[in-house]
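Presented below is the structure to which this report refers.
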Amino acid sequence: MKTSGARNDKATKTRESKPAPDPDILLVSRHIVPQPGGSAVVYDALARALEGRMMVLSARHDASSGRPFAGLAAFDADLGYPIVRIDHLRPPLAGAPRRGLARLIDFALVDLPIMLRVLAAIVGIVHRRPIRTVIIGELVYGGWLVFPVRYLLGRRVVLYTHGEEVADADASLADRLRPLFLRHAHGIIAVSRFCKSMLVSRYRLPPARIAVIENAVDARRFAAARPDPAFADRLPGGQGPLLLAVGRLVRRKGHDRLLEALARLPERHRDSRLLIVGDGPLAGEIDETIERLGLAGRVRRTGPLTQDELLAAYGHADLFVLATRTLENGDTEGFGLVFLEANA
């Protein structure tokens, strides 16, 4: 028995000291925490679930503002998977898109140098690591990587699609090249059956080339959400029912319609309150709408929240609301994680 126990101890130590596997999958995406958004949450969960098989190439700067993330080194050290960061994976999104000659100049002076740095980073990772598959997490701006990764580096390429970039009918060159990117990828991941149906109908792709991996959340974590007295001062005043909207402040999320609907509620529901969680380019416009509609006493906007603060917001809420809509250019909600969080 003593000998058997010694063998068991030795086996346990061997298992504990076994080195982590060297990643054979590389995810390339600017959508990785702390970048806000549902896609970042999905990719973070995917990298954790693969337990060392996946590493990530992402950006040091927020794609929306162009500003560097604060405290990134300490943050990345706690992620639990390898991550390499370069300054940008694409130019910052701030500002109206330019057209014609101005756009060509921007491409030569801004886009092209960033693209070359992204490709150089991928080449370096592929040569240092046994990477067999590269997942590209952004179809429109990252889709061009299909060609050098597949035909120059000889790696399998998978495009991860979320819906809005499939439905968007923008006339930019990158958007017009989407069918070409999709046809040359070895495989495509869609986050929902709806997203897959758009890929098949719009781009005539064989359904067998598209795998559906539906988004998910930790239901146990969100089901345990409870009111937190420490969060109470972030709530709008009053004692009426609390409505909660969580999402990036962009037109597709429909915060303007939500505010207009709140202002038109009948008298018996005029004590209803609204908490808006999130940030984005329309923050200032939404604040102006709140003032214009006379809702300042019933609506509060928190900006981005930590995960614990978000749980507290869900815990305080009586009803989750979000008036998402399809825009004129086809941009639509592919799969909103917040609906799963609220339904947990």
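Observations
- Per residue, the convex hull volume that the Cα atoms of the range 186-344 enclose (Å³): 139
- Taking a Cβ cut-off of under 11 Å around Arg60, the surrounding Lys, Arg, Asp and Glu residues balance to a net charge of 0, with basic ones at +1 and acidic ones at -1.
- Neighbour-count order for Thr133, Thr326, fewest beta carbons within 10 angstrom listed first: Thr326, Thr133
- Neighbour counts of other Cβ atoms within 10 Å put Thr306, Thr289, Thr161 in the fewest-to-most order Thr306, Thr289, Thr161.
- Pair Val250, Arg53: separation of 7 Å Cα→Cβ label points (nm): 3.0
- Note on the range 228-294: semi-axes of the ellipsoid equivalent to its C-alpha gyration tensor, largest first and rounded to whole Å, are 19, 17, 10.
- Residue separation of Asp106 and His269 scaled by 0.36 nm, minus their Cα-Cα distance, works out to 53.6 nm of gained length.
- Kirkwood hydrodynamic radius over Cα pairs of the range 16-212, then Stokes diffusion coefficient at 25 °C and 0.890 mPa s, in µm²/s: 140
- Cβ-Cβ distance of Ala70 and Glu309, R₀ of 30 Å, FRET efficiency by 1/(1 + (r/R0)^6): the value works out to about 0.95.
- The relative contact order of the chain, computed from alpha carbon pairs under 8 Å that lie at least 6 residues apart in sequence, is 15 percent.
- Helix-only arithmetic for the chain: the sum of -39500 (n - 2.57) across DSSP H runs with n ≥ 4, divided by the residue total, places the mean residue ellipticity at 222 nm at -10500 deg cm²/dmol.
- Area projected by the alpha carbon convex hull of the chain, averaged over all directions, nm²: 22.9
- Taking 0.36 nm per residue of sequence separation and removing the Cα-Cα distance, the Leu180/Glu291 pair yields an extension gain of 35.3 nm.
- Restricting the trypsin sites (Lys or Arg not before Pro) of the range 130-236 to loop positions (DSSP other than H, G, I, E, B) with no more than 10 neighbouring Cβ atoms within 10 Å leaves Arg204.
Each value in this text was obtained by applying a stated rule to the coordinates, not by laboratory testing. Keep in mind that what you see is a predicted model, and the values were worked out from it rather than measured. Cβ atoms come from the backbone with ideal geometry, glycine included; neighbour counts cover every protein chain shown.
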